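Visitor: If you scroll down you'll find the structure; I have some questions about it.
The values are calculated or read from the model by the stated rules, or taken from the named source; none is laboratory data. This is a predicted model, so every value here is computed, not measured. Glycine also receives a Cβ, built like all others from the backbone with ideal geometry; neighbour counts cover every protein chain displayed.
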Amino acid sequence: MVERAQTEWGRIDILVNNAGILRDKTFAKMEMSEFERVVSVHLTGSANCTKAVWNGMRDRGYGRIVFTSSSSGLYGNFGQANYGAAKAAMIGLMNVLHLEGANTISASTRCPDRRDGDDGGPAAARRRGAADAGVGDARRAVPRRRRRTLPHYPRRRRRRFRVTYIEETLGVYLDEAERSPEAIAARWHEISDRETALPLNDAFAQTWKFASLAGRAKGKS
């Protein structure tokens, strides 16, 4: 696939890892073959495609790789142990690739800006290759996520650790005609209103939030 694209257009600048399947069951009833199949498609499939374009992007010094994660990986969702594990693992893969030099965008989370033991100084920036981690959200109701970080506490050998959690603003519902960068920028004050920020306990709570926003925008309760 990569060879065909390069033959046709000469280079690959963007990869979107969006393949996925579902095999939903409670973990008690799930066969390991069903677990492995979902992980293979979501995680290994993303790794395979990323590996195929990785060296070319690094050699050219430019590339964009999109990993489509899910709230099931961030918050958990009943009956989706395989899916949630695969989606959370994709975030881990993205975080590592970010540190190794990729500019990455995730549909569900932002990359860390420091590694364990990173002092955040100029040397750390050089180690990260000045990678720029972006944040994107493909949902119609557009929330703004933000991270809160506790202060760094010293550990043995000057190692540091931190604890983070993710919360979302309420967001807004955008009709199809409004889904443009200009329209989003015009309503950014609503999207980024921190007074509405709250943690979500599970994936269903997030789905219900988006459905409620869309219903209210259409005049339905």
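Visitor: Taking the residues in region 170-212 that are of a type in the set (S, T, N, Q) and assigned to a loop (DSSP other than H, G, I, E, B) as candidates, determine which candidate is modelled with the lowest pLDDT.
Guide: Asn201
Visitor: Now for a different question. Answer yes or no: is there a residue in region 33-42 that is closer than 30 Å to Leu198 by Cβ and touching a helix residue (DSSP H, G or I) at 6+ places or on another chain (Cβ under 6 Å).
Guide: Yes, region 33-42 contains at least one residue that is closer than 30 Å to Leu198 by Cβ and touching a helix residue (DSSP H, G or I) at 6+ places or on another chain (Cβ under 6 Å).
Visitor: If I ask for residues that are in contact with a strand residue (DSSP E or B) (Cβ under 6 Å, 6 or more places away or on another chain) and either part of a loop (DSSP other than H, G, I, E, B) or at pLDDT 90 or above (or both), which ones from region 69-78 would you list?
Guide: Ser69
Visitor: Within region 12-30, track down each residue that is assigned to a loop (DSSP other than H, G, I, E, B) and within 25 Å of the chain's Cα centre (by Cα).
Guide: Ile12, Asp13, Asn18, Ala19, Gly20, Ile21, Leu22, Arg23, Asp24, Thr26, Phe27
Visitor: Right, next: Could you tell me whether region 177-199 includes any residue that is exposed (fewer than 15 other Cβ atoms within 10 Å of the Cβ), within 30 Å of Ala81 (Cβ to Cβ) and outside the structural domain of Lys87 (by TED's automatic domain parsing)?
Guide: yes
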